[in-house]
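Some notes on the structure that comes next.
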Ligand SMILES: Cc1cc2nc3c(=O)[nH]c(=O)nc-3n(C[C@H](O)[C@H](O)[C@H](O)COP(=O)(O)O)c2cc1C
């Protein structure tokens, strides 16, 4: 379908048992039900060095960063579940955003992976605030590089108890509100397309 919204979905955690990987998969279901084509990636499969401008000048952009960036460029939007580290964004997520923000040639327009894209953000944490403070920073970073971030977001606290054995949220209202983020992102992209 030519007009079908294309969404790239990932979590800002590499951890195998990541709560945020579970959470973003719930939002993916909502997006798919609303008609989006969603590509889920695990950032653990795309290891990249810590951004260093000298490294970039000598060796260029790492292959895995190019791969992730290409998938971003080809998407209309992002579903991102972002864990909170020390009240902020994880180094994995920031590093990925930074590498994908770099142009690969002089002719490439700035921030081609981000400008005009839409995103929905969410978080899960064992703590009571669910990673809410980190989302403030994630939202700010994305908006400053040209991404339209949905006003709605979800932060799921007490994450050790929040998910059932299938990876869904035990609380039905939480489950449908996270699915709703995927649905709302899809609807927004459809309107903009
Ligand atoms: C370096 C570090 C800092 C953390 N800081 C916070 C924090 O500020 N707030 C919070 O709610 N959880 C914090 N946590 C706990 C994470 O929320 C928890 O490890 C969570 O499981 C990470 O997400 P994941 O399950 O998707 O990997 C921190 C964890 C680490 C490793």
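Looking across the stretch 115-133 at every residue that is part of a loop (DSSP other than H, G, I, E, B), within 17 Å of residue 147 (Cβ to Cβ) and in contact with a strand residue (DSSP E or B) (Cβ under 9 Å, 6 or more places away or on another chain), the one that is nearest to the ligand (Cβ to nearest atom) is identified as 117.
In the stretch 2-40, what residues are in contact with a helix residue (DSSP H, G or I) (Cβ under 7 Å, 6 or more places away or on another chain) and within 16 Å of the ligand (Cβ to nearest atom)?
9, 10, 11, 12, 13, 14, 19, 23, 26, 27, 28, 40
Sort through 170, 94 and tell me the only one that's exposed (fewer than 14 other Cβ atoms within 10 Å of the Cβ), within 18 Å of residue 21 (Cα to Cα) and touching a helix residue (DSSP H, G or I) at 6+ places or on another chain (Cβ under 9 Å).
170
Residue count for the stretch 141-163, restricted to those that are within 16 Å of the ligand (Cβ to nearest atom) and either surrounded by 15 or more Cβ atoms within 10 Å (Cβ to Cβ) or free of Cβ contacts under 8 Å to residues at least 12 places away in the same chain (or both): 9.
For residue 70, the conditions (1) surrounded by 13 or more Cβ atoms within 10 Å (Cβ to Cβ); (2) under 24 Å from residue 123 (Cβ atoms) are fulfilled apart from (2). Taking the condition modelled with pLDDT of 95 or more, more than 11 Å from the chain's Cα centre (by Cα), surrounded by 14 or more Cβ atoms within 10 Å (Cβ to Cβ) and over 23 Å from residue 167 (Cα atoms), does residue 138 pass? When the stated conditions are applied, residue 138 does not pass them. For residue 111, the test of being under 27 Å from residue 50 (Cβ atoms) and surrounded by fewer than 23 Cβ atoms within 10 Å (Cβ to Cβ) is passed. Note on the stretch 51-107: residues that are without any contact (Cβ under 8 Å) to a residue 40 or more places away in the chain and within 22 Å of residue 24 (Cβ to Cβ) amount to 7. Please specify each residue of the stretch 41-72 satisfying the condition of being within 15 Å of the ligand (Cβ to nearest atom) and part of a helix (DSSP H, G or I). Hits for the stretch 41-72 are 43, 44.
Tell me whether the stretch 85-100 contains one or more residues that are more than 16 Å from the ligand (Cβ to nearest atom) and assigned to a strand (DSSP E or B). No: zero hits. Here residue 31 does not qualify as buried (at least 22 other Cβ atoms within 10 Å of the Cβ), within 13 Å of the chain's Cα centre (by Cα) and at pLDDT 95 or above.
The values are calculated or read from the model by the stated rules, or taken from the named source; none is laboratory data. This structure is a prediction, so every number in the text was calculated from the model and none was measured. With ideal geometry, Cβ positions are generated from the backbone for all residues, glycine too; neighbour counts draw on all protein chains shown.
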